[in-house]
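Participant: Structure provided below as structure tokens; questions to follow.
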Amino acid sequence: MLLVVGQIVRPHGILGEVVVNVRTDDPAERFAPGSVLVTDPGKRVAPQVPPTLTVETVRPHQGRLLIVFDSVYDRDIAENLRGVLLCVDSETLPPSEDPDEFSDFELVGLAAVTREGEPLGEVIRVDHAPASDLLVLRRPDGRSALVPFVKAIVPEVDVAGGRVVLTPPEGLFDL
């Protein structure tokens, strides 16, 4: 599964440098010189967008990164990369050493159940809100539901078992 770690916003200057919005908690590793990033397959319809980009140089700039990719040495080539999502393959990532830390891709697809085993739905994505992360569930009736991803409501995550156990407060799914 491809995980988005950044998005090219626009060119910066005339020498091929691009502005990148970071979407990872480990930008130093993901965008280190020599790192190879997969480009979003949806943007590869343009022949100017290669399947991978290799980071040549990187520097911080106003909360974003300025990056030069190998073979992108002028503004015209950089302009063709505008909006491209930068990804890594989830299989290349090492597992977290923290038992209470999960990547989005580990949670998507897990069955949501009560402590008694009653099905509540399936995790279809994780939204990152300011207060807490939210599990987005597809309920058995097809509706969506947002569940705060906090220990009080999600006391157990069993990735190997394919489920998350929820103790939803009364009325959570009535919205």
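Participant: Between a residue in segment 1-28 that is under 14 Å from V88 (Cβ atoms) and any residue that is hydroxyl-bearing (S, T, Y), which pairs come within a Cβ distance under 9 Å, given they are 6 or more apart or on different chains?
Facilitator: M1/S90; L2/S90; L3/T24; L3/S90; L3/S103; V4/T24; V5/T24; G6/T24
Participant: Would you check which residues across segment 157-175 are over 22 Å from the mean Cα position of the chain (by Cα) and closer than 17 Å to F102 by Cβ and list them?
Facilitator: Correct list: G161, V165, L166.
Participant: Looking at segment 1-36, which of the residues that are under 12 Å from V58 (Cβ atoms) and among the aliphatic types (A, V, I, L, M) is surrounded by the fewest Cβ atoms within 10 Å (Cβ to Cβ)?
Facilitator: Looking at residues that are under 12 Å from V58 (Cβ atoms) and among the aliphatic types (A, V, I, L, M), I get A28.
Participant: Here's a follow-up. Run down D104, D100 and say which single residue is closer than 21 Å to M1 by Cβ and among the charged types (D, E, K, R).
Facilitator: D104
Participant: Which residues, taken from segment 1-31, are modelled with pLDDT of 90 or more, part of a strand (DSSP E or B) and under 19 Å from the mean Cα position of the chain (by Cα)?
Facilitator: V5, G6, Q7, I8, V9, V19, V20, N21, V22
Participant: Taking only segment 81-105 into account, find how many residues are farther than 28 Å from P50 by Cα and either exposed (fewer than 15 other Cβ atoms within 10 Å of the Cβ) or charged (D, E, K, R) (or both).
Facilitator: Qualifying residue count, segment 81-105: 7.
Participant: Further question: Quick check on my filter: what residues within segment 61-88 are in contact with a helix residue (DSSP H, G or I) (Cβ under 9 Å, 6 or more places away or on another chain) and free of Cβ contacts under 8 Å to residues at least 24 places away in the same chain?
Facilitator: S71
Participant: May I pose another question? Scan segment 117-128 residue by residue and report those that are farther than 20 Å from D174 by Cβ and surrounded by 10 or more Cβ atoms within 10 Å (Cβ to Cβ).
Facilitator: Within segment 117-128, the subset farther than 20 Å from D174 by Cβ is 117, 125-126, 128.
Selection gives R125, V126, H128.
Participant: Determine whether segment 89-101 contains at least one residue that is assigned to a strand (DSSP E or B), without any contact (Cβ under 8 Å) to a residue 24 or more places away in the chain and not basic (K, R).
Facilitator: The answer is no; no qualifying residue exists.
Participant: Can I ask one more? Is it the case that V45 is over 20 Å from the mean Cα position of the chain (by Cα), more than 30 Å from V165 (Cβ to Cβ) and at pLDDT 95 or above?
Facilitator: On the way: over 20 Å from the mean Cα position of the chain (by Cα): yes; more than 30 Å from V165 (Cβ to Cβ): yes; at pLDDT 95 or above: no.
It is false that V45 is over 20 Å from the mean Cα position of the chain (by Cα), more than 30 Å from V165 (Cβ to Cβ) and at pLDDT 95 or above.
Participant: Next question. Test each condition in (1) closer than 21 Å to D26 by Cα; (2) in contact with a Ser or Thr (Cβ under 6 Å, 6 or more places away or on another chain) for P148 and report the one that comes out false.
Facilitator: Single failed check for P148: (1).
Participant: With a cut-off of at least 1 residues that are outside the structural domain of D25 (by TED's automatic domain parsing) and charged (D, E, K, R), name the strands (runs of 3 or more DSSP E) lying wholly within segment 103-175.
Facilitator: Where strands (runs of 3 or more DSSP E) fall fully within segment 103-175 and carry at least 1 residues being outside the structural domain of D25 (by TED's automatic domain parsing) and charged (D, E, K, R), they are 119-128, 133-138, 156-158, 163-166.
Participant: Further, regarding this structure: Residues in segment 60-79: is at least one of a type in the set (S, T, Y) and modelled with pLDDT of 95 or more?
Facilitator: No, because not a single residue in segment 60-79 is of a type in the set (S, T, Y) and modelled with pLDDT of 95 or more.
The values are calculated or read from the model by the stated rules, or taken from the named source; none is laboratory data. Not measured: the values here are computed from a predicted model. Cβ coordinates were reconstructed from backbone atoms using ideal geometry, including for glycine residues, and neighbour counts include every protein chain displayed.
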